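The values are calculated or read from the model by the stated rules, or taken from the named source; none is laboratory data. Given the structure is predicted, the values throughout are model-derived calculations rather than measurements. When we count neighbours, we look across all protein chains shown, and the Cβ atoms used for this are built from the backbone with ideal geometry, even at glycine. Heads up: the accessible areas ignore ligands, DNA and RNA and are worked out on the full protein's heavy atoms, side chains in. Shrake-Rupley method; radii C 1.70, N 1.55, O 1.52, S 1.80 Å.
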Amino acid sequence: MKLVRKDLEKDNAGQVTLIPEEPEDMWHTYNLLQVGDSLRASTIRKVQTESSTGSVGSNRIRTTLTLCVETIDFDSQACQLRVKGTNIKENEYVKMGAYHTIELEPNRQFTLAKKQWDSVVLERIEQACDPAWSADVAAVVMQEGLAHVCLVTPSMTLTRAKVEVNIPRKRKGNCSQHDRALERFYEQVVQAIQRHINFEVVKCVLVASPGFVREQFCDYMFQQAVKTDNKLLLENRSKFLQVHSSSGHKYALKEALCDPAVTSRLSDTKAAGEVKALDDFYKMLQHEPDRAFYGLKHVEKANEAMAIDTLLISDELFRHQDVATRARYVKLVDSVRENMGTVRIFSSLHVSGEQLGQLTGVAAILRFPVAELSDQEDESSSEED
């Protein structure tokens, strides 16, 4: 993301002009937008024209509109963002108050104005504009006949390819059909890796599976690479890391990211940090339950006691339509930071973020036990609903 201009007043009202440069920037933009914001961007509008002879025709005209945002629709797989709202500035083609949908896309500038820019939104702009926050982990989660090729970016887990091949069972004295199908499956996975993984950016490729599938696949891939003199795979062989997972489904990626060999290798990536924080929370919940809380009311009370060491919170909560509820989450984040606690904002598109969402989306690891909290009847699972 490129920051073109930032004009904020002392009361944090104002506007920023940004250019999304990568598909992931559309996810950041989705998290910046809120109902009631003002969005100015270039768009195409169908305009009816009447000629001197009286015949009516229609032309598609590019114009710049300023909308008051009403609905926001994000397609995570295509990384497309559609924003619908009413026109709030004079325009020769569109009447004031007329509805229009702007499709925001990479490399097209937009200006976003808010009555209040809070700390969470401003931090997201900083992260989005920092080139160090780029997709540097890829993963192949597989089992016999099924594989998912994913990119693990700081903000989301993107499935780039799904490979499915029917593998016949081995028969006594005749394994040829099974072996041929397996080879065809491996070949398709190799092609998907070459098509979707940018080795100039990716630091590590996790190959995760149950049993010996990952070893057999890696042996096949590099034997073929030697035979065909595939320099791309051979030069990046050291980036492949084999780890265990329970299946070839996308959700099994969390287990792979929890592997100690992986966390040490990926210690500098945000995704690994999120997984470790969630893992630490579950361990604390199991061994010292009075130092691990979830649910907004309990976490707020722990914060009042200045007991929070690490706050785990889902970015989904900051997209809440109710301004007061959103402000409550922002206040919690600011307060934990003021009390020298660590705040980890999880992406709801990451496997770890999905799990945190099942725990109401907000959880905390405490510095010390808060007895009066743990003695209360546990209502945390219903507080967020």
Q: Work out the FRET efficiency for THR101 and LYS10 from their Cβ-Cβ distance, taking R0 = 30 Å, and round it to the nearest 0.05.
A: 0.30
**Q.** Per-residue ³J(HN,Hα) for region 246-261, Karplus 6.51 cos²θ - 1.76 cosθ + 1.60, θ = phi - 60°, Hz, x for Gly and Pro
**A.** 7, 7, x, 7, 4, 4, 6, 5, 4, 4, 4, 5, 7, 4, x, 5
Q. Pick from TYR294, TYR220, TYR30: which is most flexible by mean-square fluctuation in a GNM of the chain where alpha carbon atoms under 10 Å apart are linked?
A. TYR220
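What percent does the relative contact order of region 2-133 come to when contacts are Cα pairs within less than 8 Å and at least six residues apart?
It comes to 31 percent, rounded to a whole number.
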Q | Packing-based ranking, highest mean first, of 196-208, 4-16, 57-69 given that Cβ atoms within 10 Å are counted | A | 196-208, 57-69, 4-16
Q. What helices does the chain have that are whole DSSP H segments, at least 27 Å long along their own axis by Cα, and with mean Kyte-Doolittle hydropathy of 1.6 or more?
A. none
Q: Arrange the peptides 223-229, 255-261 so that the one whose residues have, on average, the most other Cβ atoms within 10 Å appears first.
A: 255-261, 223-229
Q. Does the chain come out rounded, prolate or oblate by the C-alpha gyration tensor, with a ≥ b ≥ c the root eigenvalues, rounded set by a/c under 1.5 and, if not, prolate when a/b is larger than b/c and oblate if not?
A. oblate
Q: Could you rank the peptides 357-369, 327-339 by their average count of other C-beta atoms within 10 Å per residue, with the highest value first?
A: 357-369, 327-339
Q: Provide the percentage of antiparallel DSSP beta bridges, counting only those with both residues in the chain; round to the nearest 5.
A: 80 percent
Q.
Can you compute the FRET efficiency between LYS162 and ASN230 using 1/(1 + (r/R0)^6), with r the Cβ-Cβ distance and R0 = 25 Å? Round to the nearest 0.05.
A. 0.65
Q | Subset of LYS6/LYS254; LYS250/LYS283; LYS239/LYS283; LYS254/LYS301 violating a 32 Å alpha-carbon distance limit | A | LYS6/LYS254
Q: Specify the residue with the greatest mean-square fluctuation among ILE167, ILE19, ILE125, computed from a Gaussian network of the chain linking alpha-carbon atoms under 10 Å apart.
A: ILE167
Q) What are the residues whose amide H is under 5 Å from the amide H of ALA13, where those residues sit 5 or more places off or on another chain and H is modelled from the backbone? A) TRP117
Q.
Residue by residue through region 78-91, what is 3J(HN,Hα) from phi via Karplus (6.51 cos²θ - 1.76 cosθ + 1.60, θ = phi - 60°)? Round to whole Hz and write x for glycine and proline.
A. 8, 6, 10, 10, 10, 10, 10, x, 9, 5, 10, 10, 3, 8
Q. Of all the accessible heavy-atom surface of the chain, with the other protein chains kept in place and a 1.4 Å probe, what percent is carbon and sulfur?
A. 46 percent
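Tell me whether region 271-377 comes out rounded, prolate or oblate; compute the Cα gyration tensor, take square roots of the eigenvalues as a ≥ b ≥ c, and use a/c under 1.5 as the rounded threshold. Mind dumping the intermediate values first?
On the way: a/c = 1.58, a/b = 1.15, b/c = 1.37.
It comes out oblate by the Cα gyration axes.
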**Q.** Inter-label distance, nm, simple model (7 Å from Cα along the C-beta direction), MET340/GLN77
**A.** 4.9 nm
Q: Leaving out ligands and nucleic acids, note down the accessible area per residue over the chain with a 1.4 angstrom probe, in whole Å².
A: 51 Å²
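Restricting the count to DSSP beta bridges whose residues both fall in region 271-377, what percent are antiparallel, rounded to a multiple of 5?
60 percent
How large is the helix-only mean residue ellipticity at 222 nm for the chain, computed as the sum of -39500 (n - 2.57) over DSSP H runs with n ≥ 4, divided by its residue count, in deg cm²/dmol to the nearest 500?
Numbers: 13 runs with 134 residues, N = 385.
After summing the helix terms and dividing by the residues of the chain, the value is -10500 deg cm²/dmol.
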